[in-house]
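Input: a single structure, listed below in C-alpha cells.
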Amino acid sequence: MTDIELQEYNQLTTCQKEAYNMGMKYHPDWSHAQAITYANIICINPFPPENNGGGTGTTPKDIFAVMIEKAEEFIKRDFPRIYIQVKQYFVEILKKIKNAVVTTWNQIIEFFSNL
Amino acid sequence: MEKKVIIEEVDQEELSKYSFLIQKLFAAIFQKAAVSKEDKEKVFGKLDEEITGRPFKVAIIGQAGVGKSSTLNAVFGLNLPTSDIREGTTEIIEKIFPMRDGFNLSIYDMPGLLQSRKKDKIYEEMYKEILPQCDVIVYIIKANTRNIGDDCRILKEIVLPICNQNSIKDNLIIAVNKVDTIGETIDPDDPELMWDGIKNVPTKKLYECIVKKRQDIFAKLITENLVLLNSETALTPEQVVFYSAVYEYNLGEVLKAITKAGKRGWIWTATVGLDIFKNKNK
C-alpha cells in the first residue's frame, strides 16, 4: 500500500475496513481502488427496511433530492448567468429536503407546495 | 438495417392526473430570486424543448427471460404483455408511448447477445446505432443466474465501450431483476427462501440471501473493472440496482438511478416518473 492508499484506508469506517480486508482476502489480485470500491458498497444496504434486515431503502425525499440536483445542473449548464441568481435557492431547497423529517409522498408534496 | 416505429396507445385519463412538478419548482425559485420575465421565458422555453421537443429514449437490453417487459411495466408505468418483446428479430423496433402534454416515452427493445455469431454481429451493430441516441440504457441481468460471466463480457467488451466512445457512460444502468427468485436457486423446497406474498417482502432468510447475492455480483463487477469509484471509464456503484419488477420491490432505487442517468434522466422523473412511483407507493 502506498502512503496515499494507507491514508485512504485509515479513513474508512470499521465496517469498511473489514469489507476491504475481506475483499483483498478473497480477491488477492484486486487493486487498492477495487477494494475501496467494494468496501464502500458492502457497508450500504439499499433495500427497503420492512424485512428486519436493517436496510434503509430509497425514500421519496431521496429521489426528490436527486431530481432537484439534476434540475440545478440543467440551469447551471444551459443558463450559467441565470444560475448565479438562483443558486442559493437550490442550495436552500436541497438543505430543507435533506433535513426534513418526511417520508411519505403526501408530506413531500405538502413541503413542495409550501416553497 | 430495417427500422420500424410503432405508436402505442396510453391511458390518457390516468395520466391526466399528473402534473409536471418541475415547472412549479422552477416557478417558485424564479419568483424568490426575482428572475426577469425574459430570463424565465428562456428557461421555460428550453425546459419545454427538453420535455416535448423529442421523446425520452430508453434502450432496454437483456437475454430472453430477464424480465424486460415486467421492468418496463413496473418502472415506466406501461402495460405490455410479458411476451411482447420479440427475441430473434433483426429489426430495430422503436415503440413510442405518448405520455401526456406532448411528453413521449420511446422504448427500444434490444435483444441480448449470445444467440449466434451471425446474429450477435447484427445486434452489436444495432447497439452501436441505437445506444448513442438513448437517454437511458438499461441492461438487465437476472439475479438468480448462477454465473453472470457472459453478461459481464457483453458489458465489458461491447456495451460499456460504446457508451465510453460516445461519452454516455452515465446513461447506463445495470438492473439486476428477479431478486425474489434468488432462494429458488439455493433450495427450491425451502419455504423460508420464498417471497412473502402476504407482506410482499422477502422473508428474513431470503433477505439475507439477497444481500449476499448483491455482494457477490458487485465483487464480480469490480473484478471485471465494470464498477469502480472515481473512474473515467467504469460505472459507479449507484448505476447498479437490485429489484423485483414483478413484486415492485426496491423500485425506488431504480427510479433514483434513472433520475441520475446522463443529462436527461431527471426529465423522466420530473414529468411522469415521480407520479408513477408515487401512485405505486401510496
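Identify the residue in the stretch B:262-276 that is more than 7 Å from chain A (Cβ to nearest Cβ) and either of a type in the set (F, W, Y) or part of a loop (DSSP other than H, G, I, E, B) (or both) and, among all such residues, is surrounded by the most Cβ atoms within 10 Å (Cβ to Cβ).
B:W268
So which pairs qualify, if the first residue must be in the stretch B:65-83 and more than 16 Å from B:V138 (Cα to Cα), the second must be buried (at least 22 other Cβ atoms within 10 Å of the Cβ), the Cβ gap must be under 8 Å, and the two must be at least 6 apart or on different chains?
Note: pairs meeting the criteria are B:L80/B:L72.
Please go through (1) surrounded by 19 or more Cβ atoms within 10 Å (Cβ to Cβ); (2) modelled with pLDDT under 85; (3) of a type in the set (S, T, N, Q) for A:Q34 and return the number of the only condition it doesn't satisfy.
(2)
Yes/no per residue for (1) in contact (Cβ under 8 Å) with a residue 24 or more places away in the chain; (2) over 18 Å from the mean Cα position of the chain (by Cα); (3) more than 22 Å from B:T259 (Cα to Cα):
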| position | (1), (2), (3) |
| --- | --- |
| B:I107 | yes, no, no |
| B:Y127 | yes, no, yes |
| B:V136 | yes, no, no |
| B:I141 | yes, no, no |
| B:P191 | no, yes, yes |
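Given the residues B:I154, B:I162, which is the only one that is farther than 26 Å from B:W266 by Cβ, at pLDDT 90 or above and not hydroxyl-bearing (S, T, Y)? First the steps, then the outcome.
Values: B:I162 fails: farther than 26 Å from B:W266 by Cβ.
B:I154 is the lone residue from the list that is farther than 26 Å from B:W266 by Cβ, at pLDDT 90 or above and not hydroxyl-bearing (S, T, Y).
For the stretch B:225-238, which residues satisfy the criterion of being surrounded by 16 or more Cβ atoms within 10 Å (Cβ to Cβ) and either more than 10 Å from chain A (Cβ to nearest Cβ) or of a type in the set (G, A, S) (or both)?
Those that are surrounded by 16 or more Cβ atoms within 10 Å (Cβ to Cβ) and either more than 10 Å from chain A (Cβ to nearest Cβ) or of a type in the set (G, A, S) (or both): B:L226, B:A234, B:L235.
If you scan the stretch B:245-261, which residues turn out to be at pLDDT 95 or above, more than 15 Å from A:P60 (Cβ to Cβ) and either surrounded by fewer than 24 Cβ atoms within 10 Å (Cβ to Cβ) or not aliphatic (A, V, I, L, M) (or both)?
B:K260, the sole residue that qualifies.
Considering only the stretch B:242-259, I want to know if a residue exists there that is of a type in the set (D, E, K, R), in a strand (DSSP E or B) and facing chain A (nearest Cβ under 9 Å).
no
Considering only the stretch B:179-207, how many residues are surrounded by 15 or more Cβ atoms within 10 Å (Cβ to Cβ) and within 9 Å of chain A (Cβ to nearest Cβ)?
Looking only at that region, the number is 7.
The values are calculated or read from the model by the stated rules, or taken from the named source; none is laboratory data. Computed from a prediction, not measured in an experiment: that's the story for all the values here. A quick note on method: Cβ atoms are made from the backbone with ideal geometry, for glycine too, and the neighbour counts reach across all protein chains shown.
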